[in-house]
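Worksheet: the structure to be examined is printed underneath.
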């Protein structure tokens, strides 16, 4: 199976990145939202840091006090955990209207018309290609006909047929619920933080597997590398939170490593 370019939402992308032939410029509303996020100064509850030997990295950079960040995310976004994350991995091969509605908890802005499209499109999706427990760590893009190619095929099922205003962010927020260890949430904030790392991932991946190109950035691979590097650190984080904040232990245990990394990424951008 060869990776191919896909088009959707008015620009050309490779399911996990950008191709050389197009670029996406943030809208004025996106600029405003970004400025708004930067103006927010969250108050954190003191939590002991994860042991130094077990590092968690975001965009190749070490995260300071990851346990503190996760605990405070849970405290500040309880509604998201209760209504969005609780569904992750429970849907198997059926996208339901309530599931799509739940993505609005993370600002998907999916309309009722778009929700109906996701439901219809999901009915014919090749879910069998990507097991429900598929892990992004195992989706190395240089492995031909591997998990990466399978995940890309499932992604393209939605992206190739996407209606206007249904782009990378909306698709990723729905697919995360279906395969919470495989599909990262790719919104503009995360992609901005991973921009440089994704460019490096693209150059190295295309050098090893030319049929991936022409690709300017590969976000899945950049995130995958952080997941691999942070495996021990994320395990230590779970243990640390369970020890210092046992009331959050069950919640953290139910979240995938990919989702924990996403939460940490959100605070770093």
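General observations
- Spin-label pair residue 111/residue 247, simplified geometry with 7 Å Cα→Cβ offset, distance in nm: 4.2
- Extent along the principal axes, Cα only, for the stretch 193-269: 48, 22, 16 Å, with the longest axis given first.
- Per the Debye calculation on the stretch 122-241 with a single equal scatterer at every Cα and no solvent contribution, log₁₀ I(q)/I(0) for q = 0.10, 0.16, 0.18 Å⁻¹ amounts to -0.32, -0.82, -1.04.
- Peptides 158-164, 122-128, ordered by how many other C-beta atoms sit within 10 Å of their residues on average, highest first, read 158-164, 122-128.
- Cα convex hull volume per residue for the stretch 130-190 (Å³): 87
- FRET E, pair residue 124, residue 254, Förster distance 30 Å, beta-carbon r, rounded to 0.05: 0.50
- For the stretch 161-221, a Kirkwood hydrodynamic radius built from all Cα pairs, placed in the Stokes-Einstein relation at 10 °C and 1.306 mPa s, yields a translational diffusion coefficient of 126 µm²/s.
Every number in this text was worked out from the coordinates using simple rules, so none of it is lab data. Just so we're clear, the structure is a prediction, and the values are computed from it rather than from any experiment. For neighbour counting, all protein chains shown are included, and Cβ atoms are generated from backbone atoms with ideal geometry for every residue, glycine included.
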